[in-house]
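Notes to accompany the following structure.
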Amino acid sequence: METLVSEIDPEFRPHLAELRGRLAETLDTKPTLEWRGLAWHWCEHYTLQSDCMLLELRLIPDPKLPRVAMTLSKRFFEQCPPQKLHRNLQAGLGSASCIGPRVWCEWAVPTPEVAEQLFRLVEQAVGEEAKKR
């Protein structure tokens, strides 16, 4: 992953590095590196406890603009309606897919502010489980 991150545009690299560090600390799980096809290539993948509303998280180290993809439980949006999320996060929901109890979302991470908002969303989605660890 370090090699992939080193290829990211220097303008965006610090945002992803900061987000990676905070996620590793908060999620308390070791990510895996996996190939996700031509759209995402290699990603850092976190799988979480089944009782969390955040089911999976992928950091996509796209050299042009890193992205974060999350699989969230539909329950998350029942407890935290999209209109209450920051407008940058709402924009990422426009292309989200919902099938059954799961919602697949993806966001670009162009600024430290968006990285912070994504981290706060992760904190909300893992809720009390993360605080217990």
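Of note:
- Here residue 108 meets each of (1) touching a helix residue (DSSP H, G or I) at 6+ places or on another chain (Cβ under 9 Å); (2) farther than 23 Å from residue 4 by Cβ with one exception, condition (2).
- Exactly one residue out of 117, 124 is surrounded by 13 or more Cβ atoms within 10 Å (Cβ to Cβ), in contact with a His (Cβ under 6 Å, 6 or more places away or on another chain) and either free of Cβ contacts under 8 Å to residues at least 12 places away in the same chain or not aliphatic (A, V, I, L, M) (or both), and it is 117.
- Selection status of residue 78, modelled with pLDDT of 85 or more and surrounded by fewer than 12 Cβ atoms within 10 Å (Cβ to Cβ): yes
Residues are listed down the side, and each one gets a yes or a no for (1) buried (at least 20 other Cβ atoms within 10 Å of the Cβ); (2) at pLDDT 90 or above; (3) of a type outside the set (S, T, N, Q); (4) more than 18 Å from residue 88 (Cβ to Cβ):
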{"residue": "33", "(1), (2), (3), (4)": "no, yes, yes, yes"}
{"residue": "38", "(1), (2), (3), (4)": "no, no, yes, yes"}
{"residue": "41", "(1), (2), (3), (4)": "no, no, yes, yes"}
{"residue": "47", "(1), (2), (3), (4)": "no, no, no, yes"}
{"residue": "57", "(1), (2), (3), (4)": "yes, yes, yes, no"}
{"residue": "66", "(1), (2), (3), (4)": "yes, yes, yes, no"}
{"residue": "69", "(1), (2), (3), (4)": "no, yes, yes, no"}
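- The strands (runs of 3 or more DSSP E) found entirely in the range 46-112 that carry 1 or more residues being within 23 Å of residue 25 (Cα to Cα) and either of a type in the set (Phe, Trp, Tyr) or touching a residue at least 40 places away in the same chain (Cβ under 8 Å) (or both) are 54-60, 67-73, 102-108.
- Residues being touching a residue at least 24 places away in the same chain (Cβ under 8 Å) and either in contact with a Phe, Trp or Tyr (Cβ under 6 Å, 6 or more places away or on another chain) or over 12 Å from residue 122 (Cα atoms) (or both) - total across the range 21-35: 5
- Any hit, the range 1-19, residues being modelled with pLDDT of 90 or more, part of a loop (DSSP other than H, G, I, E, B) and closer than 13 Å to residue 121 by Cβ: no
- Qualifying residue in the range 54-70 (condition: in contact with a Ser or Thr (Cβ under 7 Å, 6 or more places away or on another chain) and among the acidic types (Asp, Glu)): yes
The values are calculated or read from the model by the stated rules, or taken from the named source; none is laboratory data. All figures in this text were calculated on a predicted structure; none of them were measured in a lab. Methodologically, a virtual Cβ is constructed for each residue, glycine included, from the backbone with ideal geometry; neighbour enumeration extends over all protein chains shown.
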